[in-house]
Amino acid sequence: QVQLVESGGGLAQTGGSLRLSCTASGNILNIYSLKWYRQPPGKQRELVATVTPFNGTRNFAEFVKGRFTIASGNAWTTVYLQMSDLKPKDTAVYYCNADLSAKNGDLYERDQYWGQGTQVTVSS
């Protein structure tokens, strides 16, 4: 059974940094994309960043460009969101999302999986 586990959230001051991690476990065959979303208080979930392991392509939302980066480890089963120059408006619950194929019984099936979310709070 595939699981995504996030960690690294917490409290930061304006201008500070945090690094979030997302680790995928299970009988994974292929990871097609990894995404970070966030949901600010009282707002809808929004896409923050996407990485395509096949070619390493990274895309970032305009509101984090130049401040957030993505790194990976363990053949992309762990992905890090490095957040710098944090602003109060970055306060949100951050979620990891993976589009991957994994073994389900005798078959490999492709599906999307979500982590449980990790709270990031940036104080002014």
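Details
- The heavy atoms of SER17 present about 70 square angstrom of accessible area, all protein chains included, probe 1.4 Å.
- Rounded accessible area of GLU109 (nearest 10 Å², 1.4 Å probe): 80 Å²
- Net +/- balance of residues flanking GLN39 in space, Cβ distance below 11 Å, scoring K and R +1, D and E -1: +2
- The listed residues TRP114, TRP36, once ranked by accessible area (1.4 Å probe) with the largest placed first, stand as TRP114, TRP36.
- 17 Å Cα-Cα reach of LYS43 towards aspartates and glutamates, excluding residues that sit fewer than 8 places from it in its own chain: ASP90
- Rg in Å to one decimal, and Dmax rounded to a whole Å, for the chain via C-alpha atoms: 14.5, 52
- Fraction of alpha-carbon pairs over 19 Å apart in the range 15-66 - percent: 40 percent
- For PHE68, nonlocal amide neighbours, meaning residues 5 or more places apart or on other chains whose placed amide H falls under 5 Å from its own, are SER84.
The values are calculated or read from the model by the stated rules, or taken from the named source; none is laboratory data. The shown structure was predicted, so the numbers you read here are calculated from the model rather than taken from an experiment. With ideal geometry, Cβ positions are generated from the backbone for all residues, glycine too; neighbour counts draw on all protein chains shown. With ligands, DNA and RNA removed, areas are computed over all heavy atoms of the protein, side chains included. Shrake-Rupley method; radii C 1.70, N 1.55, O 1.52, S 1.80 Å.
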